[in-house]
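A.B. asks: Encoded as structure tokens, here's the structure I'll be asking about.
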């Protein structure tokens, strides 16, 4: 596994996230973490329902001794409060309105170093919470690198956005991360076909997570993360 100079900072950020969840009485769950390779490259591909999603997947990957390098919008890297931490932790900027291909080149370099790359194929947070159409970038990364293509679904963090509504509560909720078996693909297969299968797997994981998570939990930080 590649050791990045910012991994100590990354560990600290995840530790703060874990402590914050405990303080809020959240139940933080992760299943299927064994599908994240303990070493070597991997592309983790997730739905996107809240700003908490990278934290949830990061905590799950940490259990396997891995650090996820996310593709994130370039604007975050330009901000004083977020730019330095994101760069230091090895995350990858994406110019969504310009040369997005450059981010795939950077992600491919990370994979060739044996790193884990995190991708949100929908491109932004889904306000409907329904897993939508996915862009083909994650599939292309896997096809070129040969890395496992691992589907992920996160659920529960969207209640941060619901917290702006009257009567919504943020304490004692359950947030979960479900990681599925890698999606099979063939050398030379069309990225669009691989993406269709990938998004179907993510959709199934998200549906299962939504069905399993209660409207409110009794508190605690169970689930192993």
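The values are calculated or read from the model by the stated rules, or taken from the named source; none is laboratory data. Keep in mind that this is a model prediction, so the values were computed, not measured. Positions of Cβ are generated from backbone atoms using ideal geometry, with glycine treated the same way; all protein chains shown enter the neighbour counts.
A.B. asks: Mind listing just one residue for me: the one in region 181-221 that is over 22 Å from residue 133 (Cα atoms) and within 20 Å of the chain's Cα centre (by Cα) and, of those, modelled with the highest pLDDT?
C.D. replies: Only one residue tops the list, namely 212.
A.B. asks: So, one more: I need the full set of residues from region 147-163 which are over 21 Å from residue 31 (Cβ atoms) and touching a helix residue (DSSP H, G or I) at 6+ places or on another chain (Cβ under 9 Å), in order please.
C.D. replies: Pass one, region 147-163, residues over 21 Å from residue 31 (Cβ atoms): 147, 160-163.
Hit for region 147-163 is 147, nothing else.
A.B. asks: I'm trying to understand the selection: among the residues of region 166-180, which are surrounded by 17 or more Cβ atoms within 10 Å (Cβ to Cβ) and more than 18 Å from the chain's Cα centre (by Cα)?
C.D. replies: If we filter region 166-180 for residues that are surrounded by 17 or more Cβ atoms within 10 Å (Cβ to Cβ), which is where we start, we get 173-180.
Of everything in region 166-180, just one residue is surrounded by 17 or more Cβ atoms within 10 Å (Cβ to Cβ) and more than 18 Å from the chain's Cα centre (by Cα), namely 173.
A.B. asks: I'm checking my understanding of the structure. Among residues of region 23-43 that are modelled with pLDDT under 95 and out of contact with any helix residue (DSSP H, G or I) (no Cβ under 8 Å at 6 or more places or on another chain), which one is surrounded by the fewest Cβ atoms within 10 Å (Cβ to Cβ)?
C.D. replies: Checking each candidate, the answer is 23.
A.B. asks: Within region 44-138, considering only helices (runs of 4 or more DSSP H) that don't extend past its boundaries, which have at least 2 residues that are without any contact (Cβ under 8 Å) to a residue 60 or more places away in the chain and out of contact with any helix residue (DSSP H, G or I) (no Cβ under 8 Å at 6 or more places or on another chain)? Walk me through it before giving the result.
C.D. replies: Values: elements: 53-62, 74-78, 80-88, 101-112.
Where helices (runs of 4 or more DSSP H) fall fully within region 44-138 and carry at least 2 residues being without any contact (Cβ under 8 Å) to a residue 60 or more places away in the chain and out of contact with any helix residue (DSSP H, G or I) (no Cβ under 8 Å at 6 or more places or on another chain), they are 74-78, 80-88, 101-112.
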